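The numbers here are math on the coordinates, done by the rules we state, and not lab data. The model shown is predicted, which means the values in this text are computed figures rather than measured ones. Don't worry about glycine lacking a Cβ; one is built from the backbone with ideal geometry, like all the others, and counts go over all protein chains shown.
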Amino acid sequence: MITYSDVILLLTDLQDNGIDVKEYLNKVISTNQIDIDTLKFINDNRELDLTRFYEKIRKSYNNKKSNLYINIMKEIEDTTTVVTTLNSYALQIVLFSKDVNNLSQFYKFSRLEDVYKCLYHYSKTFDLVPCLQLLKLIKVDIKTLETTYRKNYNK
C-alpha cells in the first residue's frame, strides 16, 4: 500500500537526485490523490521493489512455476486456497526481500504486516472475510502497479 505521504517522499527523493518532479509534486499536493501517471513517473525513474516483486510472481505463474499470481487475480474463495495463498504471498515477500533496497518500505508496500494479522485472526476465529478483503486489496495493488511497468509486461 503506497500512501500519499509515501508518494511525496518518493518524489522528494527523486528531486534530491536531480530529477525534475515539480509537475508531479504539484499534481499530488493540489489533488491530495495518487494517480497512475505519478506512480509511473516514480517507477520509471526509480523502479519500486514492489513492482519488481509483482513482476516476479507474475512471471513465475507464466512459466508454470507458481499459482500464487493467478490465485490472487481470480479472487478464490476456497478456505484452504485462500489461507495457503496468503501464506505463500508472505513467504515470497520474505524470500524476495533479500534483493530489495529499502526493506521496511517493501514490507509496508507489500502489506506483509496485514497478511500476518489476517492469518493470525483466521487462526483464532476461522473468519475468512478479512483474508478475502486483503486478497482483493493486493489484487488492486498488482493491477495498479502493472500499469506502471506495462512497457516490460510482455517480457
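Could you go through region 2-19 in sequence order and give the Karplus-derived ³J(HN,Hα) for each residue, using 6.51 cos²θ - 1.76 cosθ + 1.60 with θ = phi - 60°, rounded to whole Hz, and x for Gly and Pro?
9, 8, 4, 4, 4, 5, 4, 5, 5, 5, 4, 4, 4, 4, 5, 9, x, 9
Computed from these coordinates, which is log10 I(q)/I(0) by the Debye sum over Cα atoms at q = 0.09, 0.16, 0.17, 0.20 Å⁻¹: [x] -0.63, -0.96, -1.00, -1.13; [y] -0.57, -0.90, -0.97, -1.19; [z] -0.31, -0.92, -1.01, -1.28?
The value computed from this structure is option [z].
Can you list the HN-Hα couplings for region 89-100, worked out from phi with the Karplus curve (6.51, -1.76, 1.60; θ = phi - 60°), rounded to whole Hz and with x for Gly and Pro?
4, 4, 4, 5, 4, 5, 5, 6, 4, 5, 10, 9
Show me, for region 71-85, the HN-Hα J-couplings you get by feeding each phi into the Karplus relation (A = 6.51, B = -1.76, C = 1.60, θ = phi - 60°), rounded to Hz, glycine and proline as x.
For region 71-85, the Karplus-derived couplings read 5, 6, 6, 8, 6, 5, 10, 5, 3, 4, 5, 4, 5, 5, 5 Hz, x marking Gly and Pro.
Please work out the FRET efficiency for the pair residue 113 and residue 63, using the Cβ-Cβ distance as r and a Förster radius of 35 Å; give the result to the nearest 0.05.
Numbers: r = 29 Å, r/R0 = 0.84.
My answer for the efficiency is 0.75.
Based on DSSP H runs of at least 4 residues, each adding -39500 (n - 2.57), what is the mean residue ellipticity at 222 nm of the chain after dividing by all its residues, to the nearest 500 deg cm²/dmol?
Taking each H run of at least 4 residues, the total per residue is -22500 deg cm²/dmol.
Can you sort 12, 51 by how many other beta carbons sit within 10 Å, fewest first? It would help to have the intermediate numbers written out before the result.
Details: 12 12, 51 19.
Going from sparsest to densest Cβ surroundings: 12, 51.
Residue 66's amide H: which non-local residues (gap 5+, or another chain) put their own amide H closer than 5 Å, with H modeled 1.01 Å from N in plane and none for Pro or chain starts?
The list, which skips near neighbours in sequence, is 61.
Using +1 at the Cβ of each Lys and Arg and -1 at the Cβ of each Asp and Glu in region 4-45, identify which of 19, 29, 7 lies farthest towards the dipole's positive end.
Ranked along the dipole, the leading option is 29.
Projected onto the charge dipole of region 55-116 (+1 at Lys/Arg Cβ, -1 at Asp/Glu Cβ, origin at the Cα centre), which of 110, 87, 63 gives the Cα projection farthest towards the positive end?
Of the listed residues, the answer is 63.
Treating only the Cβ of Lys, Arg, Asp and Glu as charged (+1, +1, -1, -1), what charge dipole size does region 1-154 show about its Cα centre? Round to the nearest 20 debye. Kindly include the intermediate steps, with their values, before the conclusion.
Numbers: 21 positive and 20 negative charges, 109 e Å.
About 520 debye.
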